[in-house]
Structure formats: structure tokens, C-alpha cells
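A short worksheet on the structure shown next.
Each reported figure results from applying straightforward, stated rules to the coordinates on display, with no laboratory input. Keep in mind it's a predicted model, so treat the numbers as computed, not measured. So basically every Cβ, Gly included, is an ideal-geometry build from the backbone, and we count neighbours across all protein chains shown.
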């Protein structure tokens, strides 16, 4: 009986200590300090691949250093830097089995400003038949890093030009992919293409808190720190500050790092990431995912737009892809009953699960979900210059951050492991 009473007393003391600790560390004042800095005019809207985002990167790096995080393995700083290319089409021409092809029937994906190839160039050849998902098939080959000539059935003539959108930004590909509208498989071919190449450099900011007994298992807390930069003026304001989208998420990531470092009892390794390039096609998170073994990632808490009340009011948020794993259910179990509610995503037709930085790792089976409060159907300042700090509810935002941290406790401690994601047919 004495042992039972002692154990019960110890548990009570631990819970009380935990509550005091989180309330002392995650405060509205500290939340507002970080949020206000990230969403200030000095950051010039934090557009990826512009000088305006560099101050934000420096600020987040300084916060990670002050907290006492470590750089990611293999890096000497908190910056995980990568290069992309942005090609601008100049011209393309050629022949397939003697049939002349012009600009409208050739699209080339390459890091080279000039490309000339023929049937003797050693290119792998394949075809995409009528009825296929053209964009998906071409995207698959773009990831292969092989030299490939793809002939596409002429039933895609009207939509063929849409493939150009895949050229918006590319990591330096190791191979060249040439796509040509042609009713026949190529026996002989000759293709020449010219383009202008612009190289851009971006950085994710990554801080690590090594685990104890399960250091080879990773739990990720993430958000994106890029926004839209300077855009079309709304009245006299042309800086798109992105206070809610997604300085709010990065504030949560920094607060979680600060809390877990102070607590010092994480059994699993915690990785805190501020992604760049989310607004440009999830570029930063795609690069990040290439540097990890997805099988080692136990969970990913991606945090987006938590500065305004959800459709259910205060003390609530939703989890995208709620039923694709049991991560949301675990989070709900760990928060105090009645104090906070994690709901299923009410905006499923908007496909939010696939539109944020959780998507790349989720496609690899990781229970990677986005937590948000944004009323996506009626949010008045979404992607507008009016997305400023004054529109946010700091007290409720602090409550949301605490709930995310609390909901993650069992996973961070190694006592709980969410089920892997099994994606539905998209």
C-alpha cells in the first residue's frame, strides 16, 4: 500500500511540475516576441530566394543557438543550404523518325543552358500512352536522374503545355529528360534546346536535440518561414508579412525547442525545422526529406497558421489527414480532458494534407501531419498584406502551442509510437 501511495504521489508531483514548467516557458509574452520579430516589416515578407528572407534565417538560427540545439549531422551550422535552378525557355526543335517537331511539341528538363542529342546519345526511351496521368508520369521520370527521351501520345496535345509548370523550379538534376509529342515510338531522333538558367540558393534552418535511449528515432517539429515577400499594394501596404502564414508556426517550433531543451528528458531525438520554399512548391521540405531515412522518423508535427481561432473557437485546432494515422488520436489523449480539442480537418476538399511541408514525408509513410486553426474558407487575411501581428490572438496561440507540446509528450518520451501513414489513392 505504501508503494502504491508513493508511486501515486510521484506521478502527481511529476504532472504538477510539468504543468508549472510549460506555463513558465511557453508564455504569451515570449510567443509575441518571436512572432513580432518574424512578421516585422524588416523581414520584407520573407520571400524565398530573396535577400528579404535572410534576416529571418539569421534570427531563427540565433534562437536555436541560444536555446542550445545542435546542427544537423553533417552540417556545421543550423543552415541546411541547397541550390535550385530556374530555367527560362528560349527555343526547342528537332525530329522524331524524320517528323519535324517545334517549340510547342518539345519540353526539356535539364540544368544545361544548351542541349543537343540524337539516337546515339545513349538516352533511355519510353512512352506515355493515352489515358495516363501525364504530369504524374513525367514527374516520376524527373526523379530518376537518368537521361530519358519520353514520347507522349498526341491525345495530350491540348494539355501538353501544362508540363511547363514542372519546370518552375528544379534541384540540379543529374539527368536530362526530354518530352516530345509523337504518335510513334522513336527509332531515330534529333533534339536541340536552348534555355537561360538562373541558380538560386535557399536554406532550411535545422536544430537538433539528441535523444537518450532512442536517439536513432526522430520526432520532427516543423513549419515554414518563407512567405510572399513584397506584392501588389493593399492601400499603402505592399509587404506581405505572413504573421499567421507561417510566422505563427515557426514561433511554435521555437517554443517547442525551448521547452524540450529545458525539460531535458526526451528519449527520442527531436528535430526542429524551419522550411524555406513552401510557398514555391514545398522545395525546402522536399530537399530535407532526401537527407533523412524516413524509416527513422517516428512522427512529424508540422505547424501552420495557428494565430487565429479555429471554426470551433478557442482551445481547438485540426489535424490534416487525421484518419491516415493515429497521431491525432494520441495527441488528443495526452491533453487534459476538456481543456483542448484536436479535430479532424474540416477542409478536406482543399487537400491541405498534401499542400504543406508534411506531404513529402507522409508519402514515404511517416505519420506526418499539419496542425492548424486557420478557417481556410473564410480567413480574411490569408495570402494578403493584412496578415499582420495585430490580427492574431496571442493568448489562444499560446494555448495551441502548449496543446501541441502536451499532445506530443508520449511520442517524445518514446512511450507512444503512431501508426505509419497509408495514403489513399490520390
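If a spin label sat at a point 7 angstrom from the Cα of residue 419 along the line to its beta carbon, the backbone N atoms of region 313-339 nearer than 19 Å would be those of 319-334. Label positions at residue 311 and residue 99, each projected 7 Å from the Cα along the C-beta direction, are separated by 4.9 nm.
How much FRET efficiency would the formula 1/(1 + (r/R0)^6) give for residue 343 and residue 232, where r is the Cβ-Cβ distance and R0 is 35 Å, rounded to 0.05? Mind showing how you got there, number by number?
Numbers: r = 34 Å, r/R0 = 0.97.
Computed FRET efficiency for residue 343 and residue 232 comes out at 0.55.
Here the simple spin-label model places points 7 Å from the Cα toward Cβ, and for residue 135 and residue 187 these points are separated by 3.6 nm. Quick one: angle between helix 28-38 and the longest Cα principal axis of the chain, in degrees between 0 and 90, rounded to 10, please. Helix 28-38 and the main axis of the chain meet at about 20 degrees.
Taking Rh as the Kirkwood radius computed over C-alpha pairs, what is the Stokes-Einstein D of region 305-426 at 10 °C in a medium of viscosity 1.306 mPa s, expressed in µm² per second?
Working: Rh = 15.0 Å.
After rounding, the answer is 106 µm²/s.
How big is the antiparallel share of DSSP beta bridges in the chain, given as a percent to the nearest 5? Each step should come with its number before you reach the end.
Values: 43 of 75 bridges.
Here the share of antiparallel DSSP bridges comes out near 55 percent.
To the nearest 10 degrees, how steep is helix 394-407 against the longest Cα principal axis of the chain, on a 0 to 90 scale? The two axes meet at around 90 degrees.
Extension gain for residue 165-residue 81 works out to 27.8 nm (0.36 nm per residue, less the C-alpha to C-alpha distance). Hey, how many Å between the Cα centroid of region 371-387 and the Cα centroid of region 236-269? Cα centres, region 371-387 to region 236-269: 18 Å. Taking Cα atoms only, the orientation of helix 54-67 departs from the longest principal axis of the chain by about 40 degrees.
What is the ratio of the Cα radius of gyration of the chain to 2.2 N^0.38 Å, with N the residue count, to two decimals? Don't skip to the end; give the middle numbers.
On the way: Rg = 24.1 Å, N = 426, 2.2 N^0.38 = 22.0 Å.
Here the answer is 1.10, to two decimals.
Within the P(r) computed for region 236-370, what percentage of the Cα pairs occupies the region above 22 Å? Tail of P(r) above 22 Å: 40 percent of Cα pairs. Dividing the convex hull volume of the alpha-carbon atoms in region 132-263 by its residue count gives 207 Å³ per residue.
As a length-normalised measure over Cα pairs under 8 Å and 6 or more apart, the relative contact order of the chain settles at 19 percent.
Within 10 Å, count the other beta carbons around each residue, average over each peptide in 235-247, 44-56, 285-297, 362-374, and list them highest first.
Details: 235-247: 22.8, 44-56: 20.1, 285-297: 17.1, 362-374: 24.8.
Order by mean packing, descending: 362-374, 235-247, 44-56, 285-297.
A Förster radius of 22 Å combined with the Cβ-Cβ distance from residue 119 to residue 144 puts the calculated FRET efficiency at roughly 0.65.
What is the calculated FRET efficiency for residue 90 to residue 390, with r their C-beta to C-beta distance and R₀ = 51 Å, to the nearest 0.05?
On the way: r = 46 Å, r/R0 = 0.91.
With R0 = 51 Å, the Cβ-Cβ based efficiency is 0.65.
Which value does Rg/Rh take for region 181-223 over its C-alpha atoms, Rh per Kirkwood? Reported Rg/Rh (Cα atoms, Kirkwood Rh): 1.39.
Under 8 Å for C-alpha pairs, at least 6 residues apart: give me the relative contact order for region 85-198, rounded to a whole percent.
Details: 223 pairs, mean separation 56.4, N = 114.
Relative contact order for region 85-198 comes out at 49 percent.
When the Cα atoms of region 85-198 are aligned to their principal axes, the ranges along those axes come out at 34, 29, 23 Å in descending order. Along its three principal directions, the equivalent ellipsoid of region 237-306 from the Cα gyration tensor extends over semi-axes of 24, 18, 8 Å, largest first.
Taken over the alpha carbons of region 69-140 as equal point scatterers, the Debye sum produces base-10 log I(q)/I(0) values at 0.13, 0.14, 0.27 Å⁻¹ of -0.63, -0.70, -1.42. One quarter of the convex hull surface built on the alpha carbon atoms of region 290-372 amounts to 5.7 nm², the projected area averaged over directions. Note on residue 29 and residue 54: the extension gain reaches 6.5 nm, defined as 0.36 nm multiplied by sequence separation minus the Cα-Cα distance.
Counting 0.36 nm for each residue step from residue 174 to residue 265 and taking away their Cα separation leaves a gain of 28.5 nm.
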